[in-house]
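First comes the structure, then the notes that go with it.
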Amino acid sequence: MSLESHLAELQKKHGDLERRIDEMSNHPSVDRLEIVELKRRKLLLKDEITRLADGVTRH
């Protein structure tokens with residue numbers, strides 16, 4: 001897998017998590033702990049995307 005396709009996949013997962021968080025936040029019976037976990041995973045993905053993208057622009 002090329003770095004560009006890996007970045008694209010991470011960005012897709014990040015977007016999927018963002019949509020899921022938004023959907024869950026709009027439900028009356030929201031599980032706050034699950035939302036916190038999803039936000040944590042989203043942040044980790046964002047950090048990895050940034051780290052990899054920085055590596056691409058430096059070369």
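Scanning the stretch 24-56 for residues that are of a type in the set (A, V, I, L, M) and part of a helix (DSSP H, G or I) gives MET24, LEU33, ILE35, VAL36, LEU38, LEU43, LEU44, LEU45, ILE49, LEU52, ALA53, VAL56. Selection of first residues in the stretch 2-20 that are at pLDDT below 95 and of second residues that are loosely packed, with under 13 Cβ neighbours inside 10 Å, restricted to Cβ pairs under 7 Å at least 6 apart or on distinct chains, gives the following pairs, ordered by first then second residue: LEU3/VAL56.
Of all residues in the stretch 9-24, those satisfying the criterion of being out of contact with any Lys or Arg (no Cβ under 7 Å at 6 or more places or on another chain) and surrounded by 11 or more Cβ atoms within 10 Å (Cβ to Cβ) are GLU9, LEU10, GLN11, LYS12, LYS13, GLY15, ASP16, ARG20, MET24.
The values are calculated or read from the model by the stated rules, or taken from the named source; none is laboratory data. Keep in mind that this is a model prediction, so the values were computed, not measured. Backbone-built Cβ (ideal geometry, glycine too); neighbour counts: all protein chains shown.
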